[in-house]
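Scroll down for the structure; my scribbles are underneath it.
The values are calculated or read from the model by the stated rules, or taken from the named source; none is laboratory data. All of these numbers come straight from a predicted model, not from anything done at the bench. No Cβ is skipped: glycine too gets one built from the backbone with ideal geometry, and neighbour counts run over all protein chains shown.
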Amino acid sequence: MTDGKKLSGQPNPLSGVGNGGAEKEKISPFIYYEGMSYRKIKKRDSSGFEIQRMLINGTLTECHDRVMRIMGQYGYLNSYLLRTHLAHISGGKHDYDGSHMRRVLKGMVQTGLLIQYELLHMEAGEICGSPFLYALSNGGVRYLKRMGMHGVHPFLKIPFDIVKVLELVSYNQFHIMFLRQHGFSPAYMHDEYFGGCYQAFGVPNLYILKLPAGSRLCLYAISVRGGEGWTKKYLSQLRAVCRYLGENHILDAAVLAVCETEAQAMQCARKKGCEADLKALVVFYVTDTAVMEEDDVFGRLIDVRPEGDYCRRQTLRLQLRGDGMGE
């Protein structure tokens, strides 16, 4: 297969420059396209002996250790999200530029600690490639087990699935930007990857947000991607959330659907509005691009109005206690 035309390479990870440098509408690199395929680069898996040797001779540094721990937690990430989160959790100690981070990741692929993926689709007769995605190899998992970290992301235990990986990376993008902007205050997050929420309906994290009036909102964030049967899957997730809320007597709750585009968000709202059992569930929408471009992941939420067959929308900002808004 010929090399793909890269959509990344700009400081902003969103695609926004077309042929000849002409500015065009920025789009998410995590959109599903019909007929997508992927390219996988896996050199080998580091053995236990090789890992021991790298530890002894100092080849594996604190940076490599942190990268593998992050990858074990998140499953799949691109270079930008990885270095953004690495800088955040290290308090700026590991604040690498893009070229340095890519060299680190390339070396880890070469030594058999990571696997590199590129998602491919056809556009105007050309093969277009996504920013590279990375995941732990068996060697990387072996390293984490050696260091006492035995639990890794569930997606690392199943075959590579393009739609599931797009959902995961889009969600990871939202979560990492949330942590960078808010940390653990004023919005408190409970990790639920191995708890009730994930087992019930595949939502990895429950966000408990403190609002200006002193109330709290339980927010469940999900990623919505295209693909065969995607609307049925979306409605199924909403019903699973409703069941979970009812079984656990949770009243002040909402869903945040991270969508590919505003058009998809409006289609989601239209589908939900036709289901009588879902009308009481509050759902906000946000796009991948808004997550990356706004100074707050809750700064440009989409509220789709039912008037005119859900063809009207308004944007709003969800104000949290301590964000300087509406104290």
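On inspection, H121 qualifies as out of contact with any helix residue (DSSP H, G or I) (no Cβ under 8 Å at 6 or more places or on another chain), crowded, with 19+ Cβ neighbours inside 10 Å and closer than 20 Å to K40 by Cβ. Could you tell me whether any residue of segment 73-84 is touching a Pro at 6+ places or on another chain (Cβ under 8 Å), at pLDDT below 90, farther than 19 Å from L144 by Cα and not in a helix (DSSP H, G or I)? Looking for residues that are touching a Pro at 6+ places or on another chain (Cβ under 8 Å), at pLDDT below 90, farther than 19 Å from L144 by Cα and not in a helix (DSSP H, G or I), one finds none in segment 73-84, hence no.
Looking across segment 34-59, just one residue is surrounded by 16 or more Cβ atoms within 10 Å (Cβ to Cβ) and more than 17 Å from S137 (Cα to Cα), and that is M36.
Would it be correct to say that C274 is closer than 24 Å to M177 by Cβ and either in contact (Cβ under 8 Å) with a residue 24 or more places away in the chain or exposed (fewer than 15 other Cβ atoms within 10 Å of the Cβ) (or both)?
Details: closer than 24 Å to M177 by Cβ: no; either in contact (Cβ under 8 Å) with a residue 24 or more places away in the chain or exposed (fewer than 15 other Cβ atoms within 10 Å of the Cβ) (or both): yes.
Against the criterion (closer than 24 Å to M177 by Cβ and either in contact (Cβ under 8 Å) with a residue 24 or more places away in the chain or exposed (fewer than 15 other Cβ atoms within 10 Å of the Cβ) (or both)), C274 does not qualify.
Would you confirm, using the coordinates I've provided, whether A263 is among the aliphatic types (A, V, I, L, M) and surrounded by fewer than 20 Cβ atoms within 10 Å (Cβ to Cβ)? Spelling it out, A263 is indeed among the aliphatic types (A, V, I, L, M) and surrounded by fewer than 20 Cβ atoms within 10 Å (Cβ to Cβ). Of all residues in segment 145-173, those that are over 14 Å from A135 (Cβ atoms) and either crowded, with 22+ Cβ neighbours inside 10 Å or among the hydroxyl-bearing types (S, T, Y) (or both) total 4. Scanning segment 158-213 for residues that are closer than 18 Å to N248 by Cβ, assigned to a helix (DSSP H, G or I) and either among the polar types (S, T, N, Q) or at pLDDT 85 or above (or both) yields a single hit, Q199. Mind checking which residues of segment 98-149 are closer than 13 Å to R39 by Cα and either in a loop (DSSP other than H, G, I, E, B) or among the polar types (S, T, N, Q) (or both)? Within segment 98-149, Q116, S130, P131, F132 meet the criteria. The numbered conditions (1) modelled with pLDDT of 90 or more; (2) over 20 Å from L156 (Cβ atoms) are all true for L60 except (2).
Could you check how many residues of segment 111-168 are closer than 18 Å to C63 by Cα, in contact with a Ser or Thr (Cβ under 8 Å, 6 or more places away or on another chain) and not aliphatic (A, V, I, L, M)? Residues flagged as closer than 18 Å to C63 by Cα, in contact with a Ser or Thr (Cβ under 8 Å, 6 or more places away or on another chain) and not aliphatic (A, V, I, L, M) within segment 111-168 amount to 8. Restricting attention to segment 289-314, the residues that are within 22 Å of K232 (Cβ to Cβ) and in contact with an Asp or Glu (Cβ under 8 Å, 6 or more places away or on another chain) total 1.
If you go through segment 43-64 one residue at a time, do you hit one that is in contact with a strand residue (DSSP E or B) (Cβ under 8 Å, 6 or more places away or on another chain) and either assigned by TED's automatic domain parsing to the domain that holds G125 or among the hydroxyl-bearing types (S, T, Y) (or both)? Within segment 43-64 (the criterion being in contact with a strand residue (DSSP E or B) (Cβ under 8 Å, 6 or more places away or on another chain) and either assigned by TED's automatic domain parsing to the domain that holds G125 or among the hydroxyl-bearing types (S, T, Y) (or both)), the answer is no, since none of the residues qualifies. Scanning segment 244-255 turns up one or more residues that are surrounded by 19 or more Cβ atoms within 10 Å (Cβ to Cβ) and closer than 26 Å to D309 by Cβ.
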